[in-house]
Amino acid sequence: MTALLEVQNLSVRYGRSPALGGVDLSVGEGELVAVAGANGAGKSTLVNAVAGWSRGRATASGAVRLAGREVSALPTHKRMQLGMALVPEGKSAFERMTVEENLRLVRPPRHAAGTRYEIEDVYRVFPQLPDRAQARCSTLSGGERQMVAIGRALRAAPRLLILDEPSVGLAPRLVVEVLEHIRRLVSDGLSVLLVEQNVKATLEVADRLYLLEQGRVTGAGTRAEMRDDQRIVSAYLGKLGR
Ligand SMILES: Nc1ncnc2c1ncn2[C@@H]1O[C@H](COP(=O)(O)OP(=O)(O)OP(=O)(O)O)[C@@H](O)[C@H]1O
Ligand SMILES: [Mg+2]
């Protein structure tokens with residue numbers, strides 16, 4: 001069976017500096033796959049290149065296939081129509097608009113690839129949001145903002161949701177909450193590629209994890225395998241971490 005997302009030999013340069021060197025990665029249908037690595041390892045570069053998006057002038061090479069279709073030559077909006085939705089690092093919602101206005105801004109494509117999420121469906125996923133529906137996003141908590149950002153991505157009816165550090169800046173309890181929300185989405189049939197700093201919490205929910213170091217995959221395995229990986233233990237879990 002082919003994976004929903006297949007990345008082969010993906011390399012990215014910013015001008016002359018290489019940021020990603022020949023990454024292979026896959027996400028199966030209904031799988032939650034996480035990417036971990038130190039600051040500057042290339043995690044954002046990787047997921048942005050998968051979605052065909054970049055903050056700077058990035059040159060990518062290699063293959064990106066979604067449901068067997070080669071998409072690396074396609075612009076972001078086309079990949080979105082085919083079922084990819086990216087929530088980039090640090091990008092949440094339009095601050096001056098209300099929660100509901102933010103959610104209404106995104107409409108599913110006519111031939112949506114994945115499950116459609118009406119506004120009510122987003123509220124069902126995040127039951128805290130209806131109370132804040134008319135609040136401006138600038139007044140939301142960090143966790144609520146992330147819920148709006150994920151809700152907006154869901155409105156595009158993706159098959160593959162790509163999240164770059166959705167829990168950054170959140171208190172540990174909220175990190176767990178956001179990750180549990182994401183796990184529930186996967187139980188409902190979505191596939192997720194997740195970049196996450198909190199490796200310990202991630203290993204509670206992810207099916208598989210890739211370790212990225214200096215632009216290369218240096219480890220990969222199931223949640224159970226990666227929990228025992230010495231590099232993961234020493235860098236992220238610590239002596240008392242488990
Ligand atoms: N727009 C850009 N222009 C030039 N260099 C960039 C750009 N974005 C990232 N880089 C460089 O590419 C490398 C990888 O950066 P990237 O943002 O992908 O790392 P990351 O793993 O997401 O880090 P973090 O955990 O801090 O988010 C770094 O050396 C970074 O300085
Ligand atoms: Mg990053």
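Computed about the Cα centre, the dipole magnitude for the stretch 157-212 is approximately 80 debye when only Lys and Arg (+1) and Asp and Glu (-1) carry charge, each at its Cβ.
Of the peptides 212-218, 46-52, 196-202, how do they stack up when ordered by the mean number of other Cβ atoms within 10 Å, highest first?
Numbers: 212-218: 17.4, 46-52: 23.6, 196-202: 20.3.
Those peptides, ordered most packed to least, come out 46-52, 196-202, 212-218.
Report in % the part of the accessible area of the chain that belongs to carbon and sulfur, leaving out ligands and nucleic acids; probe 1.4 Å.
Details: 5680 of 11760 Å².
Here it works out to 48 percent.
Could you work out the relative contact order of the chain, using alpha carbon pairs under 8 angstrom and six or more residues apart, expressed as a whole percent? Relative CO of the chain lands at 26 percent. Calculated FRET efficiency, S234 to A73, Cβ-Cβ distance, R0 = 45 Å: about 0.65 to the nearest 0.05. Using θ = phi - 60° in the Karplus curve 6.51 cos²θ - 1.76 cosθ + 1.60, the 3J(HN,Hα) couplings for the stretch 104-110 round to 6, 4, 9, 10, x, x, 4 Hz; x is entered for Gly and Pro. Under a 5 Å amide H cut-off, with hydrogens placed 1.01 Å from N, A157 pairs with Y117 among residues at least 5 apart or on other chains.
Take each complete run of DSSP H in the chain, measure how far its Cα atoms stretch along the helix's own axis, and keep only those covering 24 Å or more with mean Kyte-Doolittle hydropathy at least 1.0; list them. Provide the component values of the computation, followed by the final result.
Numbers: long enough: none.
Qualifying helices, which must be both long enough and hydrophobic enough, do not occur.
Each of T202, I232, F94 was placed along the dipole of the chain (beta-carbon charges, centred on the mean Cα), and the one lying farthest toward the positive end is F94. Taking 0.36 nm per residue of sequence separation and removing the Cα-Cα distance, the R173/R136 pair yields an extension gain of 10.9 nm. Estimated at 0.36 nm per residue, the fully extended path between S61 and I119 surpasses their Cα-Cα distance by 17.2 nm. Close Lys pairs in the chain, defined as Cα atoms under 22 Å apart and 8 or more places apart or on different chains, number 4.
V106 contributes about 20 Å² of solvent-accessible surface, heavy atoms of the protein only, 1.4 Å probe. Projecting the alpha carbon convex hull of the chain along each direction and taking the average yields 12.6 nm².
The values are calculated or read from the model by the stated rules, or taken from the named source; none is laboratory data. Keep in mind that what you see is a predicted model, and the values were worked out from it rather than measured. Methodologically, a virtual Cβ is constructed for each residue, glycine included, from the backbone with ideal geometry; neighbour enumeration extends over all protein chains shown. Ligands, DNA and RNA are stripped out before the accessible areas are found, and what is left, the full protein with its side chains, is counted by its heavy atoms. Shrake-Rupley method; radii C 1.70, N 1.55, O 1.52, S 1.80 Å.
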